[in-house]
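Everything below concerns the one structure shown next.
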Amino acid sequence: MLTPERLNILRKAFDRAKCSGLHDHVQPPPISFASELGGLIARKDTSASKHTNKKIKDSFARILPSHITAAFQKWALVTKENMASPLDHDLKIPHYWSEHPRDKVFGANTNAFSSRFSGFSICHPNYHEKTMLLATRHAIYSVAVSTEETATITLLPSWNKDMTTNPYALLCRKYPHICKFLGTIPSDQLQYAKVPFGNNLQIPLSKHSWGLQIIAIWNTKKGRVCLNAHNKDWLKELAKEIPEATWEIQKIHNHPYQTALGSGQHSGLNKFNKLPNDHPQAPEGPDKTSALISTDQPHNCNINEALQNSSSQNLTRNVKDWRDWTYTDGSLQKNEEGQDTGSGRCIPPSLERFPLCKPKRHGYNQHYLTGRASSYSSCSHTRLLTYSH
């Protein structure tokens, strides 16, 4: 069972992934949204059912409150969610990674451990001890070999007050120049987000007895300095927007520290050094819309300008904010004059450099990109783009 909001999110994500070409390399090929949705839910259930421990099983549905991810996006420049699912990822985070390769049909990047963490990301893994240790080590190794600004905000459960026995906490304390304990959300203040999926959405998860430790794993000469340059009071701002947390520090200085792991490096570091950076996937070919936009610099990217510069000069945009409310439902209708109207989008073949969906045949010299009004009871439409020969 899904909430209507999450169902709508998944439908749009599926359509965007299809239109941008991400479905082209998925095997076996996706048949329909309904079949892929069923598979997505089955994969989630299978992943959780592998564990008998209730803490671990429930952790697949322990979702961070939206105000926490929003705060880190705003003040810690977070643009990536390293461990998530199409069922629960935060829409405000542009890119996310799932453990299941098939989740690519919903726009997910897959297997966070197949590449280095880079840039600014948030990581809230499931509560299996091995997974949390691997995620922590992966973040530390990423920092050790990274040549670009890297900071991974990691949120891990503290089973005991001082977090002295957890293996991932011990690993963080081994490299204090890379891992900084920023604060803790106490158990009595921690409120997980409402679960948007499950067999019975009316039954809440069992009461938790742990808090969440907030740890920044970064390269100090790049990631930390970049955050301070963005806003020297970024930690104070985080404290304002996440008031339930107890913050250990209020300011990070730019004193130089080493980033290398030192003489006690782990044996797997040489192999890890060969991994690529975790740049989000992009459709192949010059005629894919998302390939026109740089995903590595989300804060500086002007999407409207990128699309306008790559489209035909004959294309006139009538509505500036059409992306905020257009929606495609996959339908197709043919009127008495033989004109195709489908998916809320109408693209003539001559605009192959600016496709939002697969081109359909048209018999008119003027075409419109139309968006259905966001009302089930209304069949009205608005002309978003006009193309004239």
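Laboratory data are not the source of any read-out in this text; all were calculated from the coordinates shown. Only a predicted model underlies this, so the values are computations on that prediction, with no experimental measurement involved. Note that each Cβ is placed from the backbone with ideal geometry, even for glycine, and that neighbours are counted across all protein chains shown.
Numbers below:
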{"read-out": "Extended-chain gain in nm, criterion 0.36 nm per residue less alpha-carbon gap, K92 and Q27", "value": "20.5 nm"}
{"read-out": "The stretch 61-149, relative contact order [Cα under 8 Å, separation at least 6], %", "value": "25"}
{"read-out": "Net dipole in debye of the stretch 14-102 [+1 Lys, Arg Cβ; -1 Asp, Glu Cβ; about Cα centre; nearest 20]", "value": "300"}
{"read-out": "Of K12/K274; K104/K236; K80/K240, pairs whose Cα-Cα distance is over 28 Å", "value": "K12/K274; K104/K236"}
{"read-out": "Sequence of V78, V225 once ranked by neighbouring C-beta atoms within 10 Å, starting from the fewest", "value": "V225, V78"}
{"read-out": "For L212, distant residues with modelled amide H under 5 Å away", "value": "S158, I185"}
{"read-out": "Computed label-point distance, nm, for sites T246 and S49 using a 7 Å Cα→Cβ extension", "value": "4.1"}
{"read-out": "Cβ-based exposure ranking for Y168, Y141, in which fewest neighbours within 10 Å come first", "value": "Y141, Y168"}
{"read-out": "Built amide H within the under 5 Å cut-off of D278, gap 5+", "value": "R116, S118"}
{"read-out": "Estimated FRET transfer efficiency (E148, T3; beta-carbon r; R0 45 Å; 0.05)", "value": "0.75"}
{"read-out": "Taking the stretch 4-272 and dividing mean pair separation by its residue count, relative contact order in percent (alpha carbons under 8 Å, at least six apart)", "value": "18"}
